[in-house]
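Here's the structure, in structure tokens; my notes come after.
The values are calculated or read from the model by the stated rules, or taken from the named source; none is laboratory data. None of the values given here were measured: they were computed from a predicted structure. Cβ sites come from the backbone with ideal geometry, for glycine too, and all protein chains shown count toward neighbours.
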Amino acid sequence: MTPLRAGVVGVGHLGQHHARLWAELPGCRLVAVVDADPGRARAIAARTGAEALDAAHALLGRVDAVSIAVPTEAHRDVALPFLEAGVPVLVEKPMAATLDEADAMIHAAARSGALLGVGHTERFNPAVAELARRVKRPRFIECHRLGSFAPRSLDIDVVLDLMIHDLDIALSLVGGPIRSADAVGVAALTRRVDIANARLVFETGCVANLTASRISAAKTRKIRVFERDGYLSADCAAGTLEHYRLAEGAAGERPTIAQETVSVGSEEPLRRELAAFAAAVRGEAPFPVGGSEGRRALAAALEIARTVAGTIEAGE
């Protein structure tokens, strides 16, 4: 098999892992990396056996796929030349800063036939993937995504930074549009909202309660999905899944709760994501998070962010 040639634009906190994994994936070869900091690009290139380039457009004609992990505000401008040239693009979440920018990327991909994937990596978490496989008709979803403060991704608020993971997961599990959304939030350590809570009601009747924070003392990434006859609890950080089911009791006895600890494996979610993207580039399987799914999550996140901003302004 001819190796799939990959490039990475933006090798900061997350992009460096894209570079590491592209260099390690069977059947793939990391050709080059690009970063606004030339020294950082050279360091990551040396570590992965790739070439350091000084501009994203220098990758054109040299790669079969590209990961884009630059700040959100630059996603569209970096992605468009590749999409217009028919080069498959995997862009980190959120896929763009605005819906207009997301639409420009989607339309460019449609015109050229290029594959456009969005890096909602949590979908590839083994615990989340198994949870999604088991969920039938969710009635209530509860998500807590709490992280400690880090001086990165401060160009966006916590809704677009963290909560969007759970918005994407909830939307994919429910499979229907959001009917209404209420949200509140607080800007604590930065100029943007650092902690937020949203309550979503879907057209199916399912309700989701999402909390995201980037100023918490302890890190938590948990998802609980309740259905008619039981519920599932996924710990995304630990990579574990518990399935609780209602077990009917014998005649005259009360029902009980049966617990199953599900074995889900421990493969790195980003590795699974890049392997899935490579398979999609080769035409072996569709990539599960395309431009339309990325736009759907972005639209929900932007609406929640607007609602949060309105509550803050009303309280001032």
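Here are a few things to note about the model shown:
- Given (1) surrounded by 15 or more Cβ atoms within 10 Å (Cβ to Cβ); (2) of a type in the set (Gly, Ala, Ser); (3) modelled with pLDDT of 95 or more, number of the condition GLY147 does not satisfy: (3)
- Flag if ALA183 is more than 19 Å from the chain's Cα centre (by Cα), in contact (Cβ under 8 Å) with a residue 60 or more places away in the chain, crowded, with 17+ Cβ neighbours inside 10 Å and under 24 Å from ALA96 (Cβ atoms): yes
- Residue satisfying all of: in the stretch 7-33; part of a loop (DSSP other than H, G, I, E, B) and either of a type in the set (S, T, N, Q) or more than 19 Å from the chain's Cα centre (by Cα) (or both); surrounded by the fewest Cβ atoms within 10 Å (Cβ to Cβ) among these: PRO26
- Just one residue in the set ALA114, ALA104 is farther than 16 Å from LEU167 by Cβ, modelled with pLDDT of 95 or more and crowded, with 20+ Cβ neighbours inside 10 Å; that residue is ALA114.
- Filtering the stretch 165-174 for residues that are touching a Phe, Trp or Tyr at 6+ places or on another chain (Cβ under 8 Å) and in a strand (DSSP E or B) leaves an empty set.
- Scanning the stretch 65-101 for residues that are surrounded by fewer than 22 Cβ atoms within 10 Å (Cβ to Cβ) and either farther than 25 Å from HIS13 by Cβ or among the small types (Gly, Ala, Ser) (or both) yields ALA74, GLU84, ALA85, GLY86, ALA97, LEU99, ASP100.
- Residue check, LEU200 crowded, with 16+ Cβ neighbours inside 10 Å, under 19 Å from GLY310 (Cβ atoms) and at pLDDT 90 or above: yes
- Here MET95 does not fit the description of being aliphatic (A, V, I, L, M), touching a residue at least 12 places away in the same chain (Cβ under 8 Å), in contact with a Leu (Cβ under 7 Å, 6 or more places away or on another chain) and closer than 23 Å to ALA238 by Cα.
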